[in-house]
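Everything on this sheet refers to the single structure shown next.
The values are calculated or read from the model by the stated rules, or taken from the named source; none is laboratory data. Just so you know, these numbers come straight off a predicted model, no measurement behind them. FYI the Cβ positions are ideal-geometry reconstructions off the backbone, even for glycines, and counts take in every protein chain you see. Just so you know, the surface numbers come from the protein's heavy atoms only, side chains and all, with ligands and any DNA or RNA stripped out. Shrake-Rupley method; radii C 1.70, N 1.55, O 1.52, S 1.80 Å.
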Amino acid sequence: MREIDVQALQEEMQVGYWELVNGEDTVYRDSRGNVYDSWGCLERLRELEMMMEEEPRRAEEWKRDMDLLEHTCEMKPVYGYCRISEKEARILRDRTEELVYYNPIRDIYVLGVTEMGKISDCERLRGNL
């Protein structure tokens, strides 16, 4: 198993900009704590608009959720990064919603690890692609 040079990877992460090429790195929450990705957020907003038209007396109740969904988003926590090849990035894009970032200056792809515990599984994950 190849050991990851964490310091070298962190230094590479500081150069250039990183483009999200797969997955969703933001989440939206309504007043009840329900979590939505971008598409889910848009769907919920449309649903709330229809509900407001159908039942205007409850509009204030739903307006709060609309405001939260329209104006508040959170970044998904990323606990670490795993450098991956272009081929591995392509496989992840085709098969998963995992966060994959690309740095065109360095020509590097990385997997953003969003679940605690998976960071130690980085090499095993790469071996399964």
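Within the range 83-102, residues that are more than 21 Å from Gly16 (Cβ to Cβ) sit with their Cβ atoms under 7 Å from residues that are open to solvent by 30 Å² or more (accessible area, probe 1.4 Å) and not in a strand (DSSP E or B), at 6+ positions apart or across chains, in these pairs: Ile91/Leu129; Glu97/Glu24. Tell me, which residue of the range 34-73 that is among the small types (Gly, Ala, Ser) and closer than 30 Å to Val110 by Cα is most open to solvent (accessible area, probe 1.4 Å)? The extreme case among them is Ser38.
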